[in-house]
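Peer 1: Input: one structure, supplied below.
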Amino acid sequence: MKKEQVKENFQFYFEGILNSYSRVFFSKSKLFAFIIITATFINPASGLSGLISLAASLLFAEWFGYNKIFIRDGYYGFNSLLTGLALGVYYEFSPAFIFILLFASMLTLLMTVWLAVFLGYYNIPFLTMPFLFSTWISILSIRTFKAIELSERGIYVFNEVQNFGGIYLLKFYDQIISLNIPFVLDAYLKSLGAIFFQFNIFAGFIIAVGIIFYSRIAFTLSLVGFFSGYFFYFFQKAEFSDVYYSYIGFNFILTAVALGGFFFVPSGKTFLLVIIASPLVAVILSAFSYIFNIIQLPIYSLPFSLIVMLVIFAMSNRLTPKGINYVTNQQNSPENNLYKFANRIERFERDTYYHFQLPFYGKWFVSQGIDGKITHKEDWKYAWDFVVKDESGKTFNHTGTLLNDFYCFNLPVIAAAAGYVSEVVNDVDDNEIGGVNLSENWGNTVVIKHDNFLYSKVSHLRKNSISLKKGDYVKKGDILGHCGNSGRSPEPHLHFQIQPNDLIDGKTIKYPFSYYLLEKDNGNLFRSFDYPEEGDTVLKVQSTNLIRESFKFSPGTVMKFESVNEKGEKQKIKWEVFVDAYNYPYIYCYNTKSFAYFINNETLHYFTDFTGDRKSLLYYFYLAANKILLGYYENMEIKDKLPLSGIYSGPVKILQDFIAPFHIFLNAEYTFSFKYIDNELNPSEIVISSNAVTGFGKTINRKLDFELTLNNNKLKKILISDDKKHISAEYIS
């Protein structure tokens, strides 16, 4: 085997092991994983048993041919880890035990695959159910195996602490427990440790530190969940000591983190959901403990798994979110889930599945808009009438008595989106100026079906200008006909509407135009998913070849840069464009193993997500080109929001994390504009200027300025600068 292959395999399994540890807490943080590993080895036998079981599971999964991404991400490993940790607590190490441990690991893997498919059909996570089933089966079977002996580990905690860290750690542990920590806090810390079968306060303290590092929201949720359960027991006058001594209070903690910040976007309502769910966990815990005590099996994490699965299934059958939103793009951190969701709402709240462009070229005037003064009333109010005006505001030249006098007459009308022609009327005579045809109200018309219950309609076209027939497929931008004066039209104009059926006189529905420019005295304003108003002058965005080609990042495209920083240090950087399994394109940086996901919809290039090194050139490009208009327009400025994740750090970010579910006071804004063009008609070089500004209120914390130089249909140069940093990157091939 080649050296590179050995290194790659080692990296693969190493990441799979780390991700399996952190995934127990719904994380992918490698540092958090190391902290957890440290805690699990306070009881070395249990820690080693968990590691062996996990490694065996990953090897089995790869040998069986399961999805390598799932193996690396810990999806197939964390249940086997828990199985190994549990069995390692109860039984003495021996060849017979290791033999059983390996088969328990395989059983857990098979349970994981089965439950992933079975429950995945209903979009329900399998959580710790594979661990529960395989561990219970192993415990019951071991009762008949005389070669495996019960262990006394966990009884002599002081000895285990000393064995793990020596006399100094023992003294430190003794100091901790001599602090007379309140009972409920002691129970909380021991419950944290018990998640990984370490039944001591020291392990719980280590894990608590890890949680705070990983997620301030998760830490807060763990407290809210645990204390909600505790106070429920107190209110019901039940013995919480039963939960304390059996160390199963961690069910409250895991339930809180799962519902409050992982499966649902953190908010005040998810915190309330955690408070409501905690008594349910307590009820399940008490009821099943009574049953499981009869058969002498530990209940483990059953209450957590059952309640979370029930809540997710129940929530999936809601008609409306009601303020509790699913995490649709998992970021493996409550903070990142929240900030990503908030940013998506800011950027794409009005986004629609189908994008409708203006149905014409050039600049047109909205003579009648939604709920217009003349005909756009009641069921037909969501419609637009468009005409063309000159600089003096007139719609015609000469006398305005002939059809050809009107600027919009006979101009091409284009498809607002792709679809199939469902209705065509093409034989209605055009009216003389001032005349109307009330019997054939809509005149010459084309209706296009885009989806079930979604049709667009253009009306009042010129007679015999439509060359299409029913059933024809049209692409966005294809010519449908030409503007005319047929139907109820005293002078030439174009009528456009969206409707739920293919009827010529179909009622309208409210649906926005995806992108257009609004003309103002000081330049054009970019509008996205908006509704032109009566009196607006609007135009369709036309792409500029140089910009369009420079940002045409097709799969397989390789870009190489040489960067120079403020210290004069040079580095050669290689990027390549790929498409993932879900058909999402991204730029991959070989130097830093970073990913920047993007969308190019022929009007805009914009980035949607970034993972990896936030000091890399790719990350700065992700910020610099976060939203790029693909057409050049002088004095054009576009603003957008950036996600807080990765932008902020330090005490202010920590404070924001703690209160983020209730209020976000930090902001990160992006601004784009054109700085230079050498020739507006046929440019060979364009310079784009952009910046990213962070702060709160009117206070600016940091401002990063960027310049992107486009030349020869390539991204030729990237400049990044602020008060401390200056990086220049030149395209080399």
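The values are calculated or read from the model by the stated rules, or taken from the named source; none is laboratory data. In this text the structure is predicted, and so the values were computed from the model without any measurement. For neighbour counting, all protein chains shown are included, and Cβ atoms are generated from backbone atoms with ideal geometry for every residue, glycine included.
Peer 1: Which residue out of P643, P661, P683 is in contact (Cβ under 8 Å) with a residue 40 or more places away in the chain and in contact with a Pro (Cβ under 6 Å, 6 or more places away or on another chain)?
Peer 2: Among P643, P661, P683, only P661 is in contact (Cβ under 8 Å) with a residue 40 or more places away in the chain and in contact with a Pro (Cβ under 6 Å, 6 or more places away or on another chain).
Peer 1: If you don't mind, there's one more thing I want to ask. Taking the range 1-60, which residues are surrounded by 22 or more Cβ atoms within 10 Å (Cβ to Cβ) and acidic (D, E)?
Peer 2: none
Peer 1: Mind counting the residues in the range 1-55 that are of a type in the set (S, T, Y) and closer than 21 Å to A258 by Cβ?
Peer 2: Number satisfying all stated conditions: 6.
Peer 1: Only one of these is buried (at least 18 other Cβ atoms within 10 Å of the Cβ) and basic (K, R): K641, K627, K572, K567. Name it.
Peer 2: K627
Peer 1: Take the residues in the range 423-478 that are under 46 Å from the mean Cα position of the chain (by Cα) and free of Cβ contacts under 8 Å to residues at least 24 places away in the same chain, then tell me which one is farthest from K540 (Cα to Cα).
Peer 2: N452
Peer 1: Moving on. Considering only the range 118-141, state which residues are without any contact (Cβ under 8 Å) to a residue 12 or more places away in the chain and within 23 Å of the chain's Cα centre (by Cα).
Peer 2: Correct list: G120, Y121.
Peer 1: Which of (1) in contact (Cβ under 8 Å) with a residue 24 or more places away in the chain; (2) over 25 Å from E432 (Cα atoms); (3) under 41 Å from the mean Cα position of the chain (by Cα) does F496 not meet, given it meets every other one?
Peer 2: Single failed check for F496: (2).
Peer 1: Also, quick follow-up: Would you check if there is a residue in the range 272-288 being more than 17 Å from L189 (Cβ to Cβ), outside any helix (DSSP H, G or I) and touching a helix residue (DSSP H, G or I) at 6+ places or on another chain (Cβ under 6 Å)?
Peer 2: Scanning the range 272-288, I find no residue that is more than 17 Å from L189 (Cβ to Cβ), outside any helix (DSSP H, G or I) and touching a helix residue (DSSP H, G or I) at 6+ places or on another chain (Cβ under 6 Å), so the answer is no.
Peer 1: So which of S467, S439, S486 ends up being within 12 Å of V425 (Cβ to Cβ) and either in contact with a strand residue (DSSP E or B) (Cβ under 7 Å, 6 or more places away or on another chain) or surrounded by fewer than 18 Cβ atoms within 10 Å (Cβ to Cβ) (or both)?
Peer 2: After ruling out the rest, the residue left standing is S486.
Peer 1: Then there's this: If you go through the range 534-547 one residue at a time, do you hit one that is under 34 Å from the mean Cα position of the chain (by Cα) and more than 22 Å from A417 (Cα to Cα)?
Peer 2: yes
Peer 1: Please indicate, with yes or no, whether at least one residue in the range 597-619 is under 29 Å from N682 (Cα atoms), assigned to a loop (DSSP other than H, G, I, E, B) and touching a Gly at 6+ places or on another chain (Cβ under 8 Å).
Peer 2: Checked against the condition, which is being under 29 Å from N682 (Cα atoms), assigned to a loop (DSSP other than H, G, I, E, B) and touching a Gly at 6+ places or on another chain (Cβ under 8 Å), the range 597-619 yields at least one hit.
Peer 1: Evaluate the range 686-695: report whether one residue or more is closer than 11 Å to Y632 by Cα, in contact (Cβ under 8 Å) with a residue 24 or more places away in the chain and exposed (fewer than 15 other Cβ atoms within 10 Å of the Cβ).
Peer 2: The answer is no; no qualifying residue exists.
Peer 1: Output the number of the condition that R614 fails; it satisfies all remaining conditions of (1) modelled with pLDDT of 95 or more; (2) within 18 Å of K725 (Cβ to Cβ).
Peer 2: (1)
Peer 1: Output the qualifying pairs, or none if there are none: Cβ atoms under 8 angstrom, residues six or more apart or on different chains, first residue in the range 588-603 and on the phi < 0 side of the Ramachandran plot and assigned by TED's automatic domain parsing to the domain that holds T557, second residue among the β-branched types (V, I, T) and modelled with pLDDT under 95.
Peer 2: Going by the 8 Å Cβ cut-off, the qualifying pairs are S594/T611; F595/T611; Y597/T608; F598/T608; I599/T608; T603/V541.
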